[in-house]
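Notes follow once the structure below has been shown.
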Amino acid sequence: MDAIVLSDIHANLEALDAVLADAGRFDAAWFLGDAVGYGPDPEACVQRLIDLGPAVWLAGNHDHAALGKLDIDDFNPEAREAVHWTVSQLSEAARARLDRCLPRHTLASPDVTFVHASPRSPVREYILNPAVAEAAFESFSGPLCLFGHTHVPAAYDEAIDGAMRHPLAPDAPLSLAGGRWLVNPGSVGQPRDGDPRASYLRLTFAPDGSVSAVLRRVAYDIAATQAKIVAAGLPPRLAARLEFGW
């Protein structure tokens, strides 16, 4: 089985369409949350996901914020402004679909746990280093947990002396055989690892039980997204950061 793993689209339609075009054929799509927030096309991105019909569709913190389910006082001013604008853009149908999403889900076959942020705190916690990853391993069972939220591709395995971070380089297969893993596909719509290209993950589950992960980076029309952000009256920094991947 081949599955694509998407996360943190953040209302960036150009990036999402580029990723789906690059992905080609697959058996399942799994989305780890934050369809909206920051970007200029929240309604269109929710509709793309509805059309895609992912087998797993999680809620992220920005999705919750747009539905009034999350206190946004600790969001930075630009993120808060984007939340208020997003609320005005979403149809009732889009809101209803987002409202059905939870920030955590588990599949039995294949045995995978899905969270937006972390298994300890599915909406809020950032797994950005091995110390946090080590604690996160205690909050799920099974061999694999997929998470987003940080906008940074990463893979950690549960080593004897603590979690170990492994390189997750574009187009370089990483075997997830044996042990337990936490894997982040990065962000479709707002990468923060210094690479402005959209990011997603392809997982291959072989009949013998082995699992391979391949990170994909996809160029998209950043200028078009930036122009939409400016035209919508959203904070200019939300447009500028896309060019640098921060």
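The values are calculated or read from the model by the stated rules, or taken from the named source; none is laboratory data. Because the structure is a prediction, the values reported are computed rather than measured. Note: ideal-geometry Cβ built from the backbone for every residue, glycine included; neighbour counts use all protein chains shown. Please note that ligands, DNA and RNA were not included when accessible areas were found on the heavy atoms of the full protein model with its side chains. Shrake-Rupley method; radii C 1.70, N 1.55, O 1.52, S 1.80 Å.
Restricting attention to the stretch 216-237, and to residues there that are in contact (Cβ under 8 Å) with a residue 24 or more places away in the chain and open to solvent by 40 Å² or more (accessible area, probe 1.4 Å), which single residue is nearest to residue 109 (Cα to Cα)? If you could, list the steps in order and put the result at the bottom.
Step one: filter the stretch 216-237 for residues in contact (Cβ under 8 Å) with a residue 24 or more places away in the chain, giving 216-222, 224-225, 228-229, 231-235, 237.
With open to solvent by 40 Å² or more (accessible area, probe 1.4 Å) added as a condition, the list becomes 216, 219, 221, 228, 231, 233, 237.
Numbers: 216: 24, 219: 33, 221: 37, 228: 41, 231: 45, 233: 45, 237: 42 Å.
The extreme case among them is 216.
Restricting attention to the stretch 190-202, which residues are in contact (Cβ under 8 Å) with a residue 60 or more places away in the chain and either out of contact with any strand residue (DSSP E or B) (no Cβ under 7 Å at 6 or more places or on another chain) or among the hydroxyl-bearing types (Ser, Thr, Tyr) (or both)?
Here is the first cut: in the stretch 190-202, the ones in contact (Cβ under 8 Å) with a residue 60 or more places away in the chain are 190, 198, 200-202.
Answer for the stretch 190-202, where residues must be in contact (Cβ under 8 Å) with a residue 60 or more places away in the chain and either out of contact with any strand residue (DSSP E or B) (no Cβ under 7 Å at 6 or more places or on another chain) or among the hydroxyl-bearing types (Ser, Thr, Tyr) (or both): 190, 200.
In the stretch 48-69, how many are under 18 Å from the mean Cα position of the chain (by Cα) and not in a helix (DSSP H, G or I)?
8
Looking at (1) under 19 Å from residue 7 (Cα atoms); (2) open to solvent by less than 70 Å² (accessible area, probe 1.4 Å), which one does residue 128 not meet, given that it meets all the others?
The number of the failed condition is (2).
Select from the stretch 94-123 the residues that are hydroxyl-bearing (Ser, Thr, Tyr) and out of contact with any Asp or Glu (no Cβ under 9 Å at 6 or more places or on another chain) and write down the one among them that is most open to solvent (accessible area, probe 1.4 Å).
We begin by selecting, within the stretch 94-123, every residue hydroxyl-bearing (Ser, Thr, Tyr); these are 106, 109, 113, 118, 121.
When the remaining residues are screened for being out of contact with any Asp or Glu (no Cβ under 9 Å at 6 or more places or on another chain), the result is 106, 109, 113, 121.
Numbers: 106: 79, 109: 108, 113: 4, 121: 39 Å².
Looking at the filtered set, the residue picked out is 109.
Please specify each residue of the stretch 7-28 satisfying the condition of being in a helix (DSSP H, G or I) and open to solvent by 10 Å² or more (accessible area, probe 1.4 Å). Give the derivation first.
Just the residues of the stretch 7-28 that are in a helix (DSSP H, G or I), to begin with: 13-23.
13, 14, 17, 18, 20, 21, 22 - these are the residues of the stretch 7-28 that are in a helix (DSSP H, G or I) and open to solvent by 10 Å² or more (accessible area, probe 1.4 Å).
State yes or no: is residue 60 surrounded by fewer than 16 Cβ atoms within 10 Å (Cβ to Cβ) and within 24 Å of residue 183 (Cα to Cα)? First the steps, then the outcome.
Details: surrounded by fewer than 16 Cβ atoms within 10 Å (Cβ to Cβ): no; within 24 Å of residue 183 (Cα to Cα): yes.
Taking the combined requirement at face value, the residue does not satisfy it.
In the list 213, 136, which residue meets the criterion of being over 23 Å from residue 24 (Cβ atoms) and in contact (Cβ under 8 Å) with a residue 12 or more places away in the chain?
On the way: 213 fails: over 23 Å from residue 24 (Cβ atoms).
Going through 213, 136 in turn, just one is over 23 Å from residue 24 (Cβ atoms) and in contact (Cβ under 8 Å) with a residue 12 or more places away in the chain: 136.
Give the residue, chosen from 87, 152, that is over 16 Å from residue 33 (Cβ atoms) and open to solvent by 20 Å² or more (accessible area, probe 1.4 Å). Steps first, answer last, please.
Values: 152 fails: over 16 Å from residue 33 (Cβ atoms).
Going through 87, 152 in turn, the sole match is 87.
Of the conditions (1) over 19 Å from residue 33 (Cβ atoms); (2) open to solvent by 10 Å² or more (accessible area, probe 1.4 Å), residue 192 fails just one. Which one is it?
Failed condition: (1).
Counting only residues that are loosely packed, with under 13 Cβ neighbours inside 10 Å, more than 19 Å from the chain's Cα centre (by Cα) and not hydroxyl-bearing (Ser, Thr, Tyr), how many does the stretch 167-176 have?
Taking the stretch 167-176 and keeping what is loosely packed, with under 13 Cβ neighbours inside 10 Å, we get 167, 169, 171-173, 175.
Checking which are more than 19 Å from the chain's Cα centre (by Cα) leaves us with 172-173, 175.
Those still in the list that are not hydroxyl-bearing (Ser, Thr, Tyr) too: 172-173.
Number satisfying all stated conditions: 2.
Tell me the strands (runs of 3 or more DSSP E) entirely within the stretch 131-218 that contain at least 2 residues that are under 12 Å from residue 5 (Cβ atoms).
Working: elements: 144-146, 154-159, 162-166, 181-184, 198-205, 211-218.
Those strands (runs of 3 or more DSSP E) span 144-146, 181-184, 198-205, 211-218.
Among the numbered conditions (1) without any contact (Cβ under 8 Å) to a residue 40 or more places away in the chain; (2) of a type outside the set (D, E, K, R); (3) under 27 Å from residue 12 (Cα atoms), tell me where residue 175 comes up short.
Looking at each condition in turn, residue 175 falls short on (3).
For the stretch 29-54, what are the residues that are within 21 Å of residue 109 (Cα to Cα) and either out of contact with any Gly (no Cβ under 7 Å at 6 or more places or on another chain) or open to solvent by 30 Å² or more (accessible area, probe 1.4 Å) (or both)?
Within the stretch 29-54, 29, 30, 31, 52, 53, 54 qualify.
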